[in-house]
Amino acid sequence: MKYSLVASLIASSTVVLGELVPVHFKAPSPAHFRDVVRNDTYDFGCRPVAQPTEDGHFRLAAWLSEPQIVELEKFYERDTDISIKRNLVKRAATAPIGTGDRFSSGTVAPKGLGTQASGTTIASIMNINEITSALNALKSVYGANLLTLSSKTFEGRTQVVGYVGAGTDKSAYHLYLSAGIHARERGGPDNLIYWIADLLAASKAGTGLTYGSKTYTNAQVKSVLAAGIVFFPLVNPDGVAYDQANSNLWRKNRNTKSGSSGASVGVDLNRNFDFLWNFKKYFASSESPASTSPSSETFYGTAAASEPETKNHVSVYSNFPKIRWFMDIHSAVGDLLYSWGDDEDQTTTTTMNFQNSAYDGKRGPVGDSAYKEYIPSTDLTNIRNVATKTVAAMKAVGGRSYSSQQAVGLYATSGATDDYAFSRYWSVSGANKVYGYTLEFAPSGNFYPTLSEFNTNILDTNAGFMDWALAAISVGLE
Ligand SMILES: [Zn+2]
């Protein structure tokens, strides 16, 4: 429509930390949002997603500063098709961050909601020391295995993954889940840790699990554990520490190499993975799957896997060579995304793929025929079936709405964890095939849940993890 005009707004845009207002754009078609999402000074959450509304339109969530809202309102003043609205939902206070250590220096195990009476709630979100303490407690109480990863974060923190259910042979582990890569998406690490705690507690007690209206038998618990689960609950500890201390919706890590103050600090770890990372080369010039600007929320870093957190995340695949299914846990949309995220899927032209340089400069635009990403049809069927079962379980817990869709949606991404996971089969010699997912837990538009939402998120995601794992097992782990 008027990309040049939107591009001209970049110069006048101010990037403001904190004080971001959740808004949504509304328009008759997703295509109406194409120009505004190309402006990398605006914040569209993990990735821009256009969701259908009940009245047949589409809505696009964003987090904008007041000056940005003013400039966009002015820009769209005479355009009756697009409107910008502040999300005027009166909200309870956001869930508090825990103080102290509820796991008493790794001696008291986390207790999930699936093994407790209906209506039980957890009183606060874990602080980063509690996440470490929780891992240590899962080890001391249940014998969970821990592995310290080799790179230290920019601020010098050590990163640890846990692995449970299949003993000490790392080649017996087939499921991999990670959380906390985007710092502000509060509750992601908690969702994962409390689920693992539930599995271990139920297995030990010989019981099942209950999440709202969803119940699972002890046999199902044991089968999920037997698949071997690797869990990495805090991918971005520096970012989470900063967000928890300042409540400023911080997303990236805290690397100061490319910028030392304000918004210019940090890399978006979920654009830093080695999948079409150098997007300027691989994608059509019209697309903005990531950003080269350090002050953007989607800054891609200084090289593919330049960041220690990315290196650690990738090292999990070499440590656990038979991982077959991967899920990265994000918020806040209410959907489950599956491969690919760089362009629309196609199952017929094998040579039209992310490794073929003949298509450099053509990837990204949705709705055209210049490029679509190849996915074998069996893989697409498997991936979709598991996605469908996962969101059905999440809906069944308490009736919140969730959907599944291809990750590209309407706007491409590069360098993301889910595409990287799936791409390894083709780009890394001898690598196992890994089906990659991105879960965006709800509620839509809200990175800092209320206490009630935080607890509902635990129930919804934990049932989702159960059915994701069970469906993955039925498709196959080898
Ligand atoms: Zn995210």
Exercise for review: Starting from the Cα of THR349, step 7 Å along the direction of its Cβ; do the same at THR99; then give the gap between the two resulting points in nm.
Suggested key: 6.1 nm
Exercise for review: Report the net charge of residues surrounding LEU337, where surrounding means a beta-carbon distance below 11 angstrom and charges are Lys +1, Arg +1, Asp -1, Glu -1.
Suggested key: -4
Study note, to complete from the structure: Percent relative contact order for the chain, counting Cα pairs under 8 Å at least six residues apart, stands at 17 percent
Review point. Counting Lys and Arg as +1 and Asp and Glu as -1, what is the net charge of the other residues whose Cβ lies under 14 Å from the Cβ of LEU147?
Key: +1
Study note, to complete from the structure: Projected onto the charge dipole of the chain (unit charges on the beta-carbon of Lys, Arg, Asp and Glu, signs +1, +1, -1, -1), the Cα from ALA166, ALA93, ALA61 with the largest positive-side position is that of ALA166
Check your understanding: Which value in nm describes the separation of the simple spin-label points at SER474 and TRP426, placed 7 Å from the Cα toward the beta carbon?
Key -> 2.9 nm
Exercise for review: Collect residues whose amide H, placed 1.01 Å from N in the peptide plane, falls under 5 Å from the amide H of VAL267; neighbours closer than 5 in sequence don't count.
Suggested key: ASN253, ARG254, ASN255
Revision key, fill the gap. Taking Lys and Arg as +1 and Asp and Glu as -1, residues besides ALA472 with C-beta under 10 Å from its C-beta add up to +1
Review point. Out of residues 5 or more away from MET327 or on other chains, whose amide H comes under 5 Å of its own, with H placed 1.01 Å from N in the peptide plane?
Key: TYR176, LEU177, SER178, TYR437
Review point. Roughly speaking, what is the centre-to-centre gap between the range 63-80 and the range 190-257 when only Cα atoms are used, to the nearest Å?
Key: 38 Å
Practice item. Amide H neighbours of LEU64 under 5 Å, at least 5 residues apart or on other chains, H built in the peptide plane: list them. Key: VAL21, VAL23
Practice item. Send over a whole-number figure in Å² for the accessible area per residue of the chain, probe 1.4 Å. Key: 36 Å²
Practice item. Enumerate the calculated ³J(HN,Hα) couplings along the range 21-30 in order (Karplus 6.51 cos²θ - 1.76 cosθ + 1.60, θ = phi - 60°), each rounded to whole Hz, writing x wherever the residue is Gly or Pro. Key: 9, x, 9, 9, 8, 10, 7, x, 8, x
Study note, to complete from the structure: A chain fully extended from SER264 to ASP169 at 0.36 nm per residue, minus the present Cα-Cα distance, gains in nm 30.0 nm
Check your understanding: Using a 1.4 Å probe on the protein chains only, how many percent of the accessible area of the chain belongs to carbon and sulfur?
Key -> 51 percent
Check your understanding: Hey, got a sec? Which trypsin sites (Lys or Arg not before Pro) in the range 172-244 land in a DSSP loop and have at most 10 other Cβ atoms within 10 Å?
Key -> none
Practice item. Taking the dipole about the Cα centre of the chain, with the C-beta of Lys and Arg at +1 and of Asp and Glu at -1, give me whichever of GLY445, ILE122, PHE33 is farthest to the positive side. Key: ILE122
Study note, to complete from the structure: Under the Karplus relation with 6.51, -1.76 and 1.60 and θ = phi - 60°, whole-Hz ³J(HN,Hα) for the range 249-259, x at Gly and Pro, equal 6, 6, 10, 7, 7, 10, 5, 9, 4, 9, x
Check your understanding: Taking Cα atoms, how many degrees apart are the long axis of helix 417-427 and the longest axis of the chain, rounded to 10 and kept between 0 and 90?
Key -> 90 degrees
Revision key, fill the gap. Going residue by residue through the range 302-319, the Karplus relation 6.51 cos²θ - 1.76 cosθ + 1.60 with θ = phi - 60° gives ³J(HN,Hα) values, rounded to whole Hz and with x marking Gly or Pro, of 9, 6, 4, 6, 5, 8, x, 5, 5, 4, 5, 4, 5, 5, 4, 5, 7, 6
Exercise for review: Would you mind getting the Kirkwood hydrodynamic radius of the chain from its Cα pairs, rounded to one decimal in Å?
Suggested key: 22.4 Å
Exercise for review: With a/c under 1.5 counting as rounded, go ahead and sort the range 86-245 into rounded, prolate or oblate using the C-alpha gyration tensor (a ≥ b ≥ c being the square roots of the eigenvalues; past the cut-off, prolate if a/b is larger than b/c, else oblate).
Suggested key: oblate
Point to revise | Kirkwood Rh and Cα Rg combined as Rg over Rh, evaluated for the range 231-361 | key: 0.98
Review point. Taking R0 as 45 Å, what's the FRET efficiency between THR158 and THR80 from their Cβ-Cβ distance, rounded to 0.05?
Key: 0.25
Practice item. Sort the range 415-478 into rounded, prolate or oblate with this rule: let a ≥ b ≥ c be the square roots of the eigenvalues of the Cα gyration tensor; rounded if a/c is under 1.5, and if a/c is not under 1.5, prolate when a/b is larger than b/c, oblate otherwise. Key: oblate
Point to revise | Nearest-20 debye value, the chain charge dipole, Cβ charges on Lys, Arg, Asp, Glu | key: 720 debye
Check your understanding: At a Förster radius of 30 Å, what calculated FRET efficiency corresponds to the Cβ-Cβ distance of LYS433 and SER124, to the nearest 0.05?
Key -> 0.15
Review point. Of LYS280/LYS395; LYS139/LYS322; LYS372/LYS433, which pairs sit farther than 28 Å apart, going by alpha carbon to alpha carbon?
Key: LYS280/LYS395
Point to revise | Helix-derived mean residue ellipticity, 222 nm - over the chain, DSSP H n ≥ 4, -39500 (n - 2.57), to 500 | key: -10000 deg cm²/dmol
Point to revise | Options THR413, GLN244, ALA263, ranked by Cα towards positive dipole end of the chain, top entry (Cβ charges) | key: GLN244
Review point. Stretched out fully, how many nm does the piece from SER357 to ALA392 gain, at 0.36 nm a residue minus the Cα gap?
Key: 8.7 nm
Review point. By how many nm would the segment from ASN218 to THR148 lengthen if fully extended, with 0.36 nm per residue of separation less the alpha-carbon distance?
Key: 22.2 nm
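The values are calculated or read from the model by the stated rules, or taken from the named source; none is laboratory data. Nothing here was measured: the structure is a model prediction, and the numbers come from that model. Counting neighbours? That spans all protein chains shown, and the Cβs are built from the backbone with ideal geometry, glycine included. Areas reflect the complete protein model, heavy atoms only, side chains present, ligands, DNA and RNA absent. Shrake-Rupley method; radii C 1.70, N 1.55, O 1.52, S 1.80 Å.
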